[in-house]
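Before any comments, here is the structure.
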Amino acid sequence: MKKLISLLMALLVIPAFVSAETTIETHWMGSGDFETHFNFDDDSETHFWTGGNSISGELYATDYNDNPYNYGVDTSDVKVRSHVENGGYIEYVFRKTDNYEPMYGSAGQESYTYISTSDTGDFAWHSWSNYAQLRNSNYGWQNDNQIEATGDHFIHHYFFIDENYNEGASITLDASGSTSITDMCEDHWGSRYKFGKGCGCYTNANVYIDGSGTFELNAWADNEIVTDTGIHITGNPHYIVHADFDSGFEFENFALEGN
């Protein structure tokens with residue numbers, strides 16, 4: 001199968017006493033499989049794969065090489081848009097591999113999304129990290145409908161804040177029809193995380209499915225989970241929302257936070 005890929009790498013040159021910012025811009029369009037991987041030194045990493053009969057998209061990755069406060073961890077930034085049609089898949093990982101541990105604990109935070117579909121799939125995402133946190137803030141990049149699919153489709157998205165996947169939240173669905181998920185913001189700071197909840201912007205988190213299938217939201221925390229719908233669970237909680245449906249499903253404001 002053929003691939004049509006355009007790759008542009010730009011290096012910003014600034015005075016020698018300041019580290020150089022590095023940006024990679026990648027575009028793809030065609031059929032077949034495409035993947036790209038970028039390590040932000042030892043601070044974070046991103047991995048992206050897609051494939052299908054008709055694929056297109058763009059990805060921008062920036063290593064700021066800024067070392068704020070001389071903590072030994074640079075700022076990283078990734079923005080991606082991806083589209084598949086006539087069947088295909090999209091898979092994305094952003095993983096934080098370094099943190100300023102004396103103040104903010106260990107690294108290992110991870111954002112992951114997988115979409116597989118018999119028809120169309122769309123993904124738009126923005127991840128950002130520094131010495132203290134991993135933030136997925138889509139405000140200003142794509143405020144709504146960051147994860148979409150039609151046809152027979154499977155979607156799995158999670159945001160975990162420890163490398164053992166013990167604390168964080170996930171959405172998983174297997175459906176036939178059309179799905180639109182809005183998850184404008186996720187955030188991590190120390191032992192706390194927010195899932196679908198505003199981080200310096202308004203909360204915008206919902207799921208709309210027209211069709212049949214299964215939906216599940218899971219959240220785990222060491223101490224407590226608080227949802228925007230008024231649920232408060234303490235003592236190493238595990239929060240689950242499960243639904244089987246034949247003619248549609250809506251979940252407005254699934255936002256929550258845990259610690």
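By other beta-carbon atoms within 10 Å, ranking H47, H37, H126 with the fewest at the front produces H37, H47, H126. According to the Cα-based calculation, Rg over Rh for the chain is 0.98, with Rh computed by the Kirkwood formula. Separation of the stretch 91-140 and the stretch 26-82, taken as the distance between their Cα centroids, equals 11 angstrom.
Sequence-distant contacts, meaning Cα pairs under 8 Å at least 6 residues apart, place the relative contact order of the chain at 12 percent. Along the stretch 127-138 the Karplus relation, 6.51 cos²θ - 1.76 cosθ + 1.60 evaluated at θ = phi - 60°, assigns HN-Hα couplings of 10, 8, 9, 9, 5, 10, 8, 10, 10, 9, 10, 8 Hz to successive residues, with x for each Gly and Pro. Here C185, C201 are placed in order of increasing Cβ neighbour count within 10 Å, fewest first, which gives C201, C185. Converting phi to 3J(HN,Hα) with the Karplus coefficients 6.51, -1.76 and 1.60 and the offset θ = phi - 60°, the stretch 227-240 yields 9, 6, 8, x, 8, 10, 10, 10, x, 6, x, 10, 9, 10 Hz in sequence order, with x at every glycine or proline.
As a proxy for reagent exposure, K194, K96 were ordered by neighbouring Cβ count within 10 angstrom, fewest first; the result is K194, K96.
Every number here is computed from the coordinates shown, using simple stated rules; none is lab data. Being a predicted model, the structure only gives us computed values, none of them experimental. Reconstructed Cβ throughout: ideal geometry from the backbone, glycine too, with neighbour counts over all protein chains shown.
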